[in-house]
Amino acid sequence: QVQLVESGGGLVQAGGSLRLSCVQSGRTFRSLAMGWFRQAPGKEREFVAGISYFGNSISHADSVKGRFGISRDNAKNTVYLQMNSLKPEDTAVYYCAARPLTVAVNPSSYDYWGQGTQVTVSS
């Protein structure tokens, strides 16, 4: 079984930055591709960024390109989402997710999910 625990969310003003972390346990971290998703009230869960298990394949949603960056530290079993130039429309619950090997943008493709961390961006 795989456990994912997110942290780092909070309240920030527009233009500010946050770094989310997701620690994985229960399975070899290197075999998992990791993704970040978000879900705002009344909206569907959407892909934000993903990174393959070797870290050589990275994808970001168009809405966050140039502002957000995903990375991973396999020695710490941790994936990060650095979020810069935050906008009020980035407000959502952010989820970490895992699946075997390769990145996918469809949330139904992921087998494991964290509990989520709230990010609120004030204008």
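Taking the Cα-to-Cβ direction at residue 58 and at residue 74 and moving 7 Å from each Cα, how far apart do the two end points lie in nm?
1.6
Using the heavy atoms of the protein chains and a 1.4 angstrom probe, tell me the accessible area per residue for the chain in square angstrom. Spell out each step's value before the answer.
Details: 6040 Å² over 123 residues.
Accessible area per residue: 49 Å².
Would you kindly derive the ³J(HN,Hα) couplings of the range 2-17 from the backbone phi angles with the Karplus curve 6.51 cos²θ - 1.76 cosθ + 1.60 (θ = phi - 60°), listing them in order in whole Hz, with x for Gly and Pro?
10, 10, 10, 10, 8, 7, x, x, x, 9, 9, 7, 4, x, x, 10
Go through the range 1-90 and name the trypsin sites (Lys or Arg not before Pro) that are in a DSSP coil and have 10 or fewer other Cβ atoms within 10 Å of their Cβ.
43
Give me a comma-separated list of calculated 3J(HN,Hα) values for the range 54-70, in order, Karplus coefficients 6.51, -1.76, 1.60 applied at θ = phi - 60°, integers in Hz, x for any Gly or Pro.
8, x, 8, 10, 10, 9, 10, 5, 4, 5, 10, 4, x, 10, 10, x, 9
Quick query: amide H of residue 49 versus all other amide H atoms, modeled in the peptide plane; which residues come in under 5 Å with a sequence gap of 5 or more or a different chain?
Here 36, 61 satisfy the definition.
Loop-only check: which chymotrypsin sites (Phe, Trp or Tyr not before Pro) in the range 53-115 are DSSP coil with at most 15 other Cβ within 10 angstrom?
The qualifying sites are 54.
Determine the gain in length on full extension of the stretch residue 106-residue 122; use 0.36 nm per residue of separation and subtract their C-alpha separation, reporting nm with one decimal. Let's see the in-between values first.
Working: separation 16, 0.36 × 16 = 5.76 nm, distance 2.84 nm.
Extending this stretch completely gives an extra 2.9 nm.
In whole percent, and with a 1.4 Å probe on the protein chains, what portion of the accessible area of the chain is carbon and sulfur? Numbers along the way, then the final one.
On the way: 2870 of 6040 Å².
Carbon and sulfur: 47 percent of the exposed surface of the chain.
What are the ³J(HN,Hα) couplings of the range 99-112, residue after residue, when phi is run through the Karplus curve with 6.51, -1.76, 1.60 and θ = phi - 60°? Round to Hz, x for glycine and proline.
For the range 99-112, the Karplus curve yields 8, x, 6, 10, 6, 9, 9, 8, x, 5, 7, 9, 8, 10 Hz.
If we count every other residue with Cβ under 13 angstrom of residue 120's Cβ, Lys/Arg +1 and Asp/Glu -1, where does the sum land? All intermediate terms of the calculation are to be shown ahead of the outcome.
Working: positive: 38, 87; negative: 89, 90.
Summing Lys/Arg as +1 and Asp/Glu as -1 gives 0.
The range 2-18 to the range 53-67: how many Å between their Cα centroids?
So the separation of the two Cα centres works out to 17 Å.
The values are calculated or read from the model by the stated rules, or taken from the named source; none is laboratory data. Remember, predicted model here, so these are calculated numbers, not experimental data. Please note: Cβ atoms are built from the backbone with ideal geometry, for glycine as well, and neighbour counts cover all protein chains shown. Ligands, DNA and RNA are stripped out before the accessible areas are found, and what is left, the full protein with its side chains, is counted by its heavy atoms. Shrake-Rupley method; radii C 1.70, N 1.55, O 1.52, S 1.80 Å.
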